[in-house]
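Worksheet: the structure to be examined is printed underneath.
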Amino acid sequence: MKLPQPEKSSASVGLLIVLAVVALAITTVWFREGDSGPIHRARLGMLAVSAPVQAAGEVVTRPVRGFVAWSSDLGVSRSQLEALRTQNVELRQRVSTLEEARLENLRLKKLAGFTQASNTKTVGARVIGRPTNQWEGVITIDRGTEDGITAGMPVVGAQGLLGQTVGVTKHAAKVRLITDPQSGVAAMVQSTRAEGVVRGSIEGKLTLDFVSAETTVRAGDTVISSGMGGVYPKGLIVGEVTRVRSAPSALYKDIEVTPSGMLSGLEEVLVLVSIPAAADVGGGE
């Protein structure tokens, strides 16, 4: 069954033709008349009337358009922010790794410089264990008998003497630091050659004992190993004198010494496995 087709109104067709003719006529007049023609003046008049309305609409809709723009940008910014955060974490990790490598390289260069200057056979080691309590100054290194390490070998850092090995296994060794209460180092004041013994303490401080009260010792003097006793070679830097006191009737001076190295932050050390006869590895005369 066919549906009836709507009949086209002849009036609508005629109106369309009339509008087309009028539009053509207005367009023709528009192009032919000057700027002062009636159609141009009418357009300007309409513009003058509609301008305030457009301005008001601009003011009213501006917050809405701004909010829409902000909302649309917000989604993009969040995704970009997440990507930037990820990049930031990666870059910070990379910078941290490079900085750690740079610092380690500096420490190893100092140790290498010590080895070259001392003409001593050494074995490099990393610190893998630190003191377990405040009364003991013992660290653990990752080298042992398999690397030629035995008990009683001196251990040094980039700044000077650290201690000696006291317990050794195949792949590890204990090192008693010079700050340990059981430690003792035959030492001398480098400038005056006054000899004594550097001892550790529970507090982790060093004292230079048995230095005659008549000997001149000043704060800032360098203390080195004297080589007496055969445990440590002569000339290893032990520390620096920080305080000197003398009681009127005392036989010996009360001398405090600051260790040459930062013992609490050790990471790499050198074990002196072979020391030349009469070696003077520091600056001793």
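The values are calculated or read from the model by the stated rules, or taken from the named source; none is laboratory data. No experiment lies behind these values; they were computed from the predicted model shown. No Cβ is skipped: glycine too gets one built from the backbone with ideal geometry, and neighbour counts run over all protein chains shown.
Descriptive notes on the structure:
- In region 190-200, residue farthest from ALA219 (Cα to Cα) [restricted to those that are assigned to a loop (DSSP other than H, G, I, E, B) and not β-branched (Val, Ile, Thr)]: GLY200
- Residues in region 201-259 that are farther than 20 Å from THR165 by Cβ, polar (S, T, N, Q) and surrounded by 19 or more Cβ atoms within 10 Å (Cβ to Cβ): THR222, SER226.
- Only a single criterion out of (1) touching a residue at least 12 places away in the same chain (Cβ under 8 Å); (2) under 34 Å from the mean Cα position of the chain (by Cα); (3) not in a strand (DSSP E or B) is not satisfied by GLU256, namely (3).
- Residues that are within 33 Å of the chain's Cα centre (by Cα), in a loop (DSSP other than H, G, I, E, B) and in contact (Cβ under 8 Å) with a residue 60 or more places away in the chain were ranked within region 201-238; the one that is farthest from ALA187 (Cα to Cα) is ILE202.
- In this structure, ALA277 does satisfy being part of a loop (DSSP other than H, G, I, E, B), exposed (fewer than 14 other Cβ atoms within 10 Å of the Cβ), out of contact with any helix residue (DSSP H, G or I) (no Cβ under 9 Å at 6 or more places or on another chain) and at pLDDT below 90.
- Checking each residue in region 185-200 for being charged (D, E, K, R) and over 36 Å from the mean Cα position of the chain (by Cα) picks out ARG193, GLU195.
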